[in-house]
Amino acid sequence: MSILNDLLTYDSLIRLSVFALLGFIFWFFSLYFPMSGYGLQSIRLFDGIFIFVALLIAGLAEEFLLPGVRFITESVQLGLQSNALEDITLIAPVKLFCYLICVDFCSYWLHRLMHSHVFWSCHAFHHSPKAINWLSGARGSPLHMAFIVLPGLLFSNLFFIDDSAIIFYIIILIEISSQHLTHTNLKLPFERQLEWFLVTPRMHFIHHNHNKTYGDTNFGSYFSIWDHVFGTYTDPSTVPNKESLGLDREYTMSSLMLGVRLVEAENKDLL
């Protein structure tokens, strides 16, 4: 019971409220400005229910990882033999920039790792929806969630970002906005130009293509620069059958949610 109370904190309620509010905002605009070729991306009841499961899993993952993360960050800070990191990041914009760049760089490589043969089973659940929306973007197995929260947890401790600082809430706003935007069928102006440095919805929808040739590209979370630099960027305008989303085969929902070993399903109607 104490663990549940620890997870239902003011911080968690703030995240959930911002998550819901921004989700409805992005969904509303997507109704009037959808990307061409995808049609209506329906929202399923399962996705709405799973939000609370996802919040619980993410909270447990943070609790599990926190001791190890603190040991690593304290060792790094001690190794500097000064408060150099704290001094360098005293200015909020500098701290925010360092955090976003470092988190996104690590997230890019962890995302590629989850697409490897060894770890694909933990990530397939996230790719299982055949309709992508701001709710389905939160799908993830326990190990997937651990990979997702690890970079933010690591660098928030390294750069002395605590939940009493306003920069903490700015980061929450950016993270949730990015999550919703990239998983919403919303057409942005100047998409090609934005994709030189930012991940757009049309860019991330290609990542959710059922064809692994395209699904194994466009790994960035906030910034597209890593995909350009490391050769994993796919121009959405070059992809045929963009509307075919999801996995290239069907698995049981229980094996997807656990993310340990995928079991092919006989029933072809996945949630």
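Here the extension length gained between I170 and H210 equals 11.0 nm, from 0.36 nm per residue of separation less the Cα-Cα distance. The HN-Hα couplings worked out from phi for the range 91-96 by the Karplus form 6.51 cos²θ - 1.76 cosθ + 1.60 (θ = phi - 60°) are 6, 4, x, 5, 4, 5 Hz, whole numbers, x standing for Gly and Pro. Sequence-ordered 3J(HN,Hα) estimates for the range 206-216 from the Karplus curve with 6.51, -1.76 and 1.60 and θ = phi - 60° stand at 5, 5, 8, 5, 5, 7, 4, 4, 8, x, 8 Hz, glycine and proline given as x.
Close amide-amide hydrogen proximity is noted between L245 and H210, each under 5 Å apart and 5 or more residues distant or on a separate chain (H modeled in the peptide plane; Pro and chain starts excluded).
What the Cα atoms of the chain give is an Rg and a Dmax of 18.7, 60 Å.
When shorter helices are ignored and each DSSP H run of at least 4 residues is given -39500 (n - 2.57), the per-residue value for the chain at 222 nm works out to -18500 deg cm²/dmol. Lysine pair count for the chain with Cα-Cα distance under 29 Å and sequence separation of 8 or more or different chains is 9.
Taking amide hydrogens as placed 1.01 Å from N in the peptide plane, the amide H of Y251 sits under 5 Å from those of A265, each at least 5 positions away in sequence or on another chain.
Residues whose amide H lies under 5 Å from that of F223, counting only those 5 or more places away or on a different chain, are V199; hydrogens are built 1.01 Å from N in the peptide plane.
Computed from the coordinates by the stated procedures, all read-outs in this text should not be read as laboratory data. Computed from a prediction, not measured in an experiment: that's the story for all the values here.
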